[in-house]
Structures are given as C-alpha cells and as structure tokens.
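S.K.: Below: one structure in structure tokens.
The values are calculated or read from the model by the stated rules, or taken from the named source; none is laboratory data. Values in this document were obtained by computation on a predicted structure and should not be read as measured data. When we count neighbours, we look across all protein chains shown, and the Cβ atoms used for this are built from the backbone with ideal geometry, even at glycine. Just so you know, the surface numbers come from the protein's heavy atoms only, side chains and all, with ligands and any DNA or RNA stripped out. Shrake-Rupley method; radii C 1.70, N 1.55, O 1.52, S 1.80 Å.
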Amino acid sequence: MREKNSKHNEYAQKARAHGKTFGSLARIFNQRPDAALVINIKSMELEFFNQFPGGEDLNSDVKEGLSKISAFVEQITDQPEKTVEQSLLVDWTRLFRGLQPGYGPKPPYEGVYLGENENDFKVLESVARFYTKHGVTPAENAGNRPDYIGLELDFLCYLCEQQVEAWEKGDEGQAFNYQLAEHEFLKDHLGRWGAIFCVRVTEEARTDFYRGFAHMTKGIIEEMANAPRPISINKD
Amino acid sequence: MSEKSLRPELTRRDFLKATAMTGAVAAMGGKLFKSTTSSMFAKVDSQAADGSTIVHSYCKMCIGPACGTLVHVKNGVVTQIEGDPESLANQGKLCPRGNSNIYNLYNPYRIKSPLKRTNPEKGMDVDPGWVEISWDEAMGTVAQKLGDILKEDPRGLVFHLGFGSMADDQPMARPVFPTIFGTPNEIESNGPLCPVHFGALANLGSFTYSIDPTRANYLVVIGHSLGGDFAKASCATVLHGVSTEALQNALDRGMKMVVVNPHAGAETIRGEWVPIIPGTELPFIQAMTNVILHELKRYDEWFLRVRTNAPYLIGEDGDYVRDPATNKPLLWSTISNKPVPFDNPEVSNGRLSDPSLGAAALSGTFDVNGKLARPAFDVIMDHYKELTPEWAEALTGIPAATIRRITAELVDAAQIGSTIDINGFTFPYRPALVFSGRGAISHRGGANVMLATNVINGLIGATDVPGGLTGESFNPLPEPGIDGTVEPNARLVPQKGEWIRNAFKMPPDHLDMAEFYPHRHCTPYVAWRAITDPAKYYIDYQPKAMLLYGANPLINNIRADEAIAAFKTFPFFASISYHLDEPSQFSDIVLAESSNMERLNYYDFQGCGPIAGKRGLHAMNFKYPVVNVLYDTRDSNSILLDLANTLGINAPANGMLSGMLGLMGTPYALVPPQKYTWDKVVDAVLKSRFGDDKGIAYFKEHGAAWTGKWLPEEKTYNYFYFPDGKTRHPIYLEYLLGTGKYMKDNLTKANVTVPGWDTDKYLAFFGALPTWIPHPEHEAPKEFDLFAVNWKIATRTFGMGALDELTPVREMQQKQSRETDSILINADTARSKGIKDGDKVVVESQYGGKLEGPVMTTLLIHPKVLGFAGNFGRRGMFLGPKAREGLNYNQLLSAEDGYFDPVAGGIEITAAVKLSKV
Ligand code: SF4
C-alpha cells in the first residue's frame, strides 16, 4: 500500500464514474418502473440532453440513446403519470422478464445467450463462480438468476465501488485487482452477450425510454469491453 | 520501479469520449434514481464459497413424488441431480422427468413475480399486456374478489386443478382450500382421459389398482404402458405400484406378459403383443370370461363363495334380495337350505384352511318369500353365455383361438386352490391377473371395462391376494360395509343415505354436473358448457371467479374452444402458475409459483408398491430450497394458506390440516384460530414425527429427513387385514344398478333429462354387470376407416413442470425418435393407401378435428390404427416454436354430451379417422 496521492484521487473519480454508470444501467433492469420514476422522467428538462457533446465526441449508441429518451420525455409531456407508468411497466415486463419464448426478446440471462441451449446452467455456474471469487454472491433478495443482465451490471458497479474504496485508502494492489476483475468480467461475460441482447431490445421495445436505454447500455458495454487490459501500477 | 497508469494511456480524445459517455449515463441515472450504488450482492468468504455441497431433496415431476434426490450445488448453482442411493423408494435412480428438474429450476421462461394483465381483452393469441406487481397487490386483489364471493355465494368460485397441482404434498390445493371455501366447484382437468379410480374403489376400496410384479407369473395388461413408456424410478401410490425396475425384475424372473394394445410399446419387447381394435377391450375380456365359465369351467369356487358377493341372492329386478327384518342381503345356505343374511355364520365362516366352510350356494333358483332369486354367480354365468371368443373376434380382430389360448394360460398360471406362506401367514396364492389401463377404460362404457376386469380376476381368485390384482396402498382398505362387501369411498353411491356427496338435486350445484354423473372422476368438459349455456344445464347462478392451479384443459383435455369460451365469461380469473401456459393466458392475476427445488415441503407415502423385488415401503421425504429462491415466487401451500388466513377461513383450514397431516391429538396440532405459515405447518409435522428438537432448522443443518421402513411383507397384502370370509369383493355391482334406478326416479320426479342424453341410453350404462355398448368410433361413417390412438411417453407422462417447453427435454425427445412429431401407420396399410414413410398427411376425425404431419411407417401398430406418441403441439402463440412442434392428439377427440362415460366420466380416447395425403 502506498500513501494516497493526487493520482489516486483521479483514479478514484474515474472508478466512481464507472460505478455510477453501471449502477444506473443496473437500476433500469433491476427496478420495476414506478410512479417515482415517472415523476423523475417528466421533470427532465430538454436542456439536460443538450449538455452532452455531439458529433464524434460521444459514442454513437449513447448518443442515440439520449436522443430516444429525450424524444420520450417530449412524447409523454401531456400524458397522465399513471398512463406513462403502465406503458413503461408493460414494456419493462415484456422486455426483461422472459415471460414466454414468443413474447419479447430472449430473456436477458448470459446462459441463454452463451450456453449450448437456452438453459445452460454451466454458463450460469461460471458467472456465479466469478462472483464468489470476488467475495460476493447475489443477495437473498436479488430476485433473479445470477446471470441476469441487471445483476451483472450491478456486479460491475460493485467492482468499481471497491476500486474507489481502495483508491481512497491508497491501496493500489487491491484497486488493481478490482480493476482487472472489472475488465475480465466484461471481456469474459457481459461483453460477450449484453450488446446482442440490447440490439434485440431496441427492435422489440414499445417505448423510446427502454429503446433509448438499450442503446446506451449497448454503447457502454461495447466501449468498456473493448477497453485495453489494465496494467499494474507496480509493473516495470 | 517506475509508476505506470493503471489504465494504458488513452489519447486525449478517447479519454474525453469515455468521460462524456459515462458522464451522460451517470447523469441520467442521477436524475432518475435516488441511488445508483450496488445493491444486489452480499459478501461471502471467497475461499469457502467455491466448494460444492450436496443437498437432499425429492423430485416432483409425477404425482407420486417418492424419489429422493441428491442435488449438487456449486457456487450457489445447481449443477447436477442424481437419485439418492440411500432413498429406499428409488435407490439411486431417477427417471427422465426427474433428471429434468434442473431445467425446471433454471427455465428462463418461468414466471418470476406476480403478474397482472392490463389488456382486458382475452384470447389465446391476445397480448395480455402483463405487468409485474408485488405480492401485496396480487394477494390483496385475489383476497378481495374471493372474499366477496365467499360472503355472497361460495358456489361462485371455480377452483380448477390438474396434474400440476396434484401431488400428495400439496394438501392446501386438494382438498383443503376448496373444501373450506365451500364451493362445490372443485373441478379437475386430470382424469377424463384416464378415469381409473371407479373400478378400483368399487372392488378394492383403493384409489387405483396395482399389479404385483414380485409374485405375478402371468400378466395380461390391456391398454396400458408399463415399464419403459411410463418410466417410474420408484413406485408410490396411484401409479399401479410398478417401477420400471420392478417390472424388469418380474420379467427376468420369468413372468409372462401379454400386452393387448393397438400399439406395441416398449414393454412388448419382453412380452407377447396382441394387437386389438381400439375400444374393443371389453369384448376381449368378456370373451376370456366366457371361456373360463363355459368352456374351461375352471374358476376359484372357494374364493367366489367366501371372498366375493357371487353367492348373494339376486331378485328378478337385479337387486339383492334382502332380509325383511334387517335389510341385510341374503345368501342361500346349503346347510340349512334356506336364505340367511350374509353375516350368518353358516355362510360367513369361510376359511382358507377349511374350504368346506362358508356354505353358500353359487347356483340354482330359489324361492325367497314367494319370489324367485338366484345367486349372483348364476346371473353372471348367464350374462356371459353368448359372449364367445367368436363374437369377440369379429369386434376385436383378435382370433378366437388366441383368446382361448391366453385364457387357458391365465387360468393355468393362477394356480387356483394354491396357498402361500409369508412369514407364517397363509394366503391364497394366485400369481396371474388381468390389468386394464387408460387405453382400455377411457371410453364411453369405460366403467364396464373396469367391472369386467374385476369379474375376471374374481373368477380366478386373484383379487387383493399375492400375485393378483391388488390395491395401491397397504392398509385395511377392504373393510366390509353394511352389506358385507368392500365399499367405495364418498365419491360413489349417491343413493345411500350415508354417502350424500353427489346426491341428486335440482337445480344442480355442481357446474360439472355431479348430480347427473355421481360416480364420475371428473367432467370438466361439461362444466365449460354449463358455464356458457347455464339454462341447458339447469344452472341458476353465475360463476364469478376462477382460481386455476396446475390444470391445462386446453391441451390435456379436448374441445379447447369450449373451455376458452367458458374462461372468457369469468369476471375474475386468477391462477397459480409456474409458467405462462395456455390457461394462464386468461388470468387477470397470476400468482407466481416457485419451482420444485425451491419449495419447503415434505411427502409422506404410506404404502409404496414393489421396488426391485421388495414391497411395502412407508416413508417420508423432506425438502427445502436447495438454493436461494431465484425469483419472487412462492409455493402453492403457502399461497393458499395465506389466502385462507386473509379470508378468515383459517380455523377450518387448520382443523383439516391437523387431521390430514397426523397432528391431531399431538402437542403440535394446529390451533384453529391461529394464522400459520406453511413453514410452521411443516415444522410441526417434522417435530411431531422426529421430536421437539427436530424441526426444519435441524434438518437443514443435518441433511435429509427422509425416513423409511419396510412393512413386514405379510402386511403388504390387504388380505392380511381381512382374511378368510371377513370381507367380500363385489363382482356383481348391485349399487351401480341402484344408481341407475335412483337417477331414473329422480329424473322422472324432477321432470328433467340429463343434458344432451337420451335417458334410456344414459341409463343403459348403469348395470350390475358389464355390458358391451358399441362406442361412437365403431358407429362412425364408413369413410372414417381407421382409428386414432395415443400413448404416454416417459419424458412427458403427466406433463408436469413445463416439460413441453423445456427446450433441452423437447430436443432430447426429438433426437431419440421422430415418433413424437409423426403419425404412425402400419407399413402394410400405408402401402395399400399409396403412402410412403415421411409423406405429409392430414388426419381428420369423425368429430371434425384435424391434424397434419409426416407419416412414420412401422409394423408396431395395428393395421387399422394411426398412432400418436405423447401429446404435443402446444397452442399459445407466445409459447415459442419448440413447444408448438408436434401434434396435439386430443384435438381429434370429442366429449359431447352423450359421447362420454356417464359412470366414470371418461371420454373416448380414440376416434374414427380418415387419412389423406397433403
Ligand atoms: S418417477 Fe421420475 S418423476 Fe416420479 S418422482 Fe421419481 S424421478 Fe421424479
């Protein structure tokens, strides 16, 4: 462990931003849309969407996502909150809950996308093994298979939060371990299937809200999964 | 050591781009959610967690879930299931359904949380606009709707159950909840295609028949798949007591098996296959009986005289002749040469050790109080006189010589007069039997087939004795009733004051018309019609809500259109569902059911048939969630007990549960006014059995709670409990004739007819002896020149646990054989019709149903028959392509009024069909 220095602060900030990003996306998949969410969506001003850079300075999927969500905010301006809530809830249930094979996209579980058939619990077990290797397991109230997209994103969020904590303590070794885990998890797991699922969501979504978020999730997963492997701070 | 960045250096542009990207998403998250921190994980010890554990559990993919399992869990994920070698019931084995439990758990299309429909329009292909809701909202809605009905008129609730809800470890569904709610409309969808219980109850007092593979040397099995097709890894009640291994052992031991069936199933490899024209099983059995009575004249006279009602005197009206003073049935004593009540020692003192005792006449005509009377046996002799093998040959297609040979072999094998000593107890020994299964009894007139089976086994003395046809559990079931004969349970005999469950009443209360079909196992198809056309069925109230659990009449019964029309009439429809099958598609609220391995429960099996050569296991299995419950789901016992608590009907629920679960009179009896959770109930049961310190927590820590003990073998035959002349198995079913008279009187008095039936035709099925009445398929127009049949296959028996939709299971079926997606036809028949293997054909039934599919030619099917393996071809458009593959055989059938069995309620399992090339 080294003394905390200014570089550490910068790294912690970056990790915090990553964590918030994964955490925000995880919430979309893990949390049923409710009245509070609708109020928050409705309160978004169009200026909010204008604050982000345009052109090539922003990932094209993220950009597309922002534009879809901005369109959604406009579409619902005059709609009663209850109506909006219901249309979001119907869409969320159909897109992310895997109710029936012919109803919405294939369910967002890694085993479904990467297994030999739709139920490959070996993939599921490898995801669970990854979690336990890093000292966590889905909480009893997680309410989902360990390889659910929302849990995988939440796990990435957790890894980033651990990085922040390590940086704040000046524990570079620990920070590196978590950073590497984030990279490997993206490379070996979520990065291999998340974007494929998101494309299906963009095709099947009935609201621009979830279509937008699917674009954003796709953009984030692809960019992050393609990022170069981190190198230890101590390596010569 | 030079310091390097933890991230390889990015260009400034890349860096800005990445920052903008994460910034945008994080900002969005910040606007939308209170918090975006990780919230789904709990800390574990990364060293310890990597190890794997083995959890004891039990299977539940058939209705007698006796098989103990060992579930391998790695990192919180189930990776393997195997049979528990220490579980006495299955001794390490699992059938294909048992192995599929892992898919049942991880099936990605399970329902994960309660659902509510937002689209009020209902239909098979209508998107219900599902939204996930909380348990509070779901249960609150259901409780409010049911509460209103409970106050107003409990008949308004239809509680519809099926095989999915039917295991002996789900007592809240059956019978507790519908009983305490007070609705007469507990309607079952399981059974119309296998109304097996009437005959076993009537003759043995047992819910089903069971064969005795440990001792039988000769088995004639008619219309039933044993062994490979049925595939039981263990045996428990209600499954004819035959595990695949037990059958295998019997065959290895030298048992001869004659399979009388239009289709040669897996078991025929080891037996003799006798192809038969579908629906003619009754003439076949009757002709065998004719050979015994009139040609061989070899029957078990002692058994008939002492152990059956063959000597009961029958009057010219067909009823027992009764003692005017006591109303007891009379027998003719050959000692005092006069009629005596059945319990007079002269006729009731029969002993195996002294065949001269029990001196009742079996033949003759006697004057009893000025009226002529004959022993039932004499009536039986006459009844069968004309039913010769030649008569049967013309109907069954089985050569008369074959019928004679099989009958002679059966009678030889029965060793009439022999005894066997089992642990010092002497039994009659009759190692031969006739067994009739689903294909034989699911007909209009199916009850007659069961009666005929009872008669022929009674004639050779093979009823409830070693080697013969026995009941399915080992208890003192055949206790004699007031007439001195084995009596059925409350499901039967409405005309007797003490059994009033289905007494005649106008207007009827039961939507399934139990008032008109008092012996029926279940008649859901009538209920659907009564709901949509109440006037025709004399129904004077409107059903208000449907609570459906584990039933799929849209696939497993017939005339889905009628069920759908009825479903659409319910103002409120809720289901307890593990997956969104066709009926759940109509729900307003779906209560999400957990999967088999996520439940806390136990299963008591009092009486398990032979396993690998041993008989009589009494045992108990226990299970708790093998991994964290994956989603927001609950088991049915918990859901229904919770609902009972909310509705304020917990007191009767607790009383019923205490009685059923053996808690009554123990310190663990449930206190009526209290509100229990299902966990507490299971905990009480465990403690009552194992001791105060051995509840759920103990067994979670210490592993399995299964126990098992083998009964002493002599106690595995019910003869043990009522030996010699202490009970009688009725082979002349006087009370069925009585039901006919009772119905005739009541119909006349009420001036009504049974909806859709000609009264005389209806009454013709209520006779004391089996009568051949041709089935609709035998009277179809000539152009329908073939018959369609189907049979169970091992991977789909009972269709529980979403088997059709589990892609790996379906793929395995398809890999194993193209049978499951084909129409099987005899190769010679195909040739004569110019059809080749693989050709696409359309099959049209006499009732209008059509199926299209490829032909598979085979010699393993009767030349006049088209065969369909299993029952596939699911209908819901959201079920996915795999589930929709294959053929839904039931669409060829009909259950019109007048076309099903008015006694047992079975529908015609076969239909006359015609074939054309596409
Ligand atoms: S026989 Fe098969 S389905 Fe039935 S309990 Fe045993 S393993 Fe399960």
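S.K.: Report, by residue number, each residue of the range B:143-166 that is open to solvent by 10 Å² or more (accessible area, probe 1.4 Å) and not in a helix (DSSP H, G or I).
M.R.: Across the range B:143-166, the qualifying residues are B:Asp153, B:Met166.
S.K.: Any residue that is without any contact (Cβ under 8 Å) to a residue 60 or more places away in the chain, more than 8 Å from chain B (Cβ to nearest Cβ) and hydroxyl-bearing (Ser, Thr, Tyr) - is there at least one of those in the range A:1-9?
M.R.: Yes.
S.K.: Here's something else I'd like to know. Hey, can you tell me all the residues within the range B:197-222 that are part of a loop (DSSP other than H, G, I, E, B) and open to solvent by 10 Å² or more (accessible area, probe 1.4 Å)?
M.R.: Those that are part of a loop (DSSP other than H, G, I, E, B) and open to solvent by 10 Å² or more (accessible area, probe 1.4 Å): B:Gly205, B:Phe207, B:Thr214, B:Arg215, B:Asn217.
S.K.: Based on what the data block shows, is A:Glu47 more than 28 Å from A:Ala181 (Cβ to Cβ), open to solvent by 30 Å² or more (accessible area, probe 1.4 Å) and not in a loop (DSSP other than H, G, I, E, B)?
M.R.: Yes: the conditions hold for A:Glu47.
S.K.: A follow-up question, please. Looking only at helices (runs of 4 or more DSSP H) that lie completely in the range B:24-109, which have at least 1 residues being within 16 Å of the ligand (Cβ to nearest atom)?
M.R.: It comes to B:96-99, B:101-106.
S.K.: Among the residues of the range A:88-115 satisfying the criterion of being in a loop (DSSP other than H, G, I, E, B) and more than 7 Å from chain B (Cβ to nearest Cβ), which is surrounded by the fewest Cβ atoms within 10 Å (Cβ to Cβ)?
M.R.: In this case the residue turns out to be A:Lys106.
S.K.: Select from the range A:30-48 the residues that are touching a residue at least 24 places away in the same chain (Cβ under 8 Å) and farther than 20 Å from A:Lys82 by Cα and write down the one among them that is farthest from the other protein chains (Cβ to nearest Cβ).
M.R.: Applying the filter and picking the extreme gives A:Leu46.
S.K.: For the structure I just gave you, tell me whether B:Leu580 is more than 25 Å from B:Met877 (Cβ to Cβ) and of a type in the set (A, V, I, L, M).
M.R.: In short, no.
S.K.: Now for a separate question. Just name the residue that is farthest from A:Asn141 (Cα to Cα) out of those in the range B:107-125 that are free of Cβ contacts under 8 Å to residues at least 40 places away in the same chain and within 12 Å of chain A (Cβ to nearest Cβ).
M.R.: So the residue we want is B:Asn119.
S.K.: Shifting gears a bit: Considering (1) more than 14 Å from chain A (Cβ to nearest Cβ); (2) surrounded by fewer than 22 Cβ atoms within 10 Å (Cβ to Cβ), say which one B:Leu866 fails and leave the rest.
M.R.: (2)
S.K.: In the range B:732-764, what residues are in a loop (DSSP other than H, G, I, E, B) and either under 30 Å from B:Arg305 (Cα atoms) or not aromatic (Phe, Trp, Tyr) (or both)?
M.R.: B:Tyr732, B:Leu733, B:Asn751, B:Val752, B:Thr753, B:Val754, B:Pro755, B:Gly756, B:Asp758, B:Ala764, listed by residue number.
S.K.: Spot the failing condition for B:Gly364; the list is (1) open to solvent by less than 40 Å² (accessible area, probe 1.4 Å); (2) touching a Lys or Arg at 6+ places or on another chain (Cβ under 9 Å); (3) in a helix (DSSP H, G or I); (4) not aromatic (Phe, Trp, Tyr), and only one is missed.
M.R.: (3)
S.K.: Could you check the range A:1-54 and list, in sequence order, the residues that are among the polar types (S, T, N, Q) and closer than 20 Å to A:Cys198 by Cβ?
M.R.: A:Thr21, A:Ser24, A:Asn30, A:Gln31
S.K.: When both residues are 6+ apart or on different chains and their Cβ atoms are under 7 Å apart, which pairs have a first residue that lies in the range B:804-825 and is open to solvent by 50 Å² or more (accessible area, probe 1.4 Å), and a second that is assigned to a strand (DSSP E or B)?
M.R.: These pairs meet every condition: B:Arg818/B:Met856.
S.K.: Another question about this same structure. Which of the residues spanning the range B:248-285 are within 21 Å of B:Glu819 (Cα to Cα) and not aliphatic (A, V, I, L, M)?
M.R.: Once the filter is applied, which keeps residues that are within 21 Å of B:Glu819 (Cα to Cα) and not aliphatic (A, V, I, L, M), the range B:248-285 yields B:Asn261, B:Pro262, B:His263, B:Gly265, B:Glu267, B:Thr268, B:Arg270, B:Trp273, B:Pro275, B:Pro278.
S.K.: OK, next. For the range B:100-139, name all the residues that are closer than 19 Å to A:Lys82 by Cβ and acidic (Asp, Glu).
M.R.: B:Glu132, B:Asp136, B:Glu137
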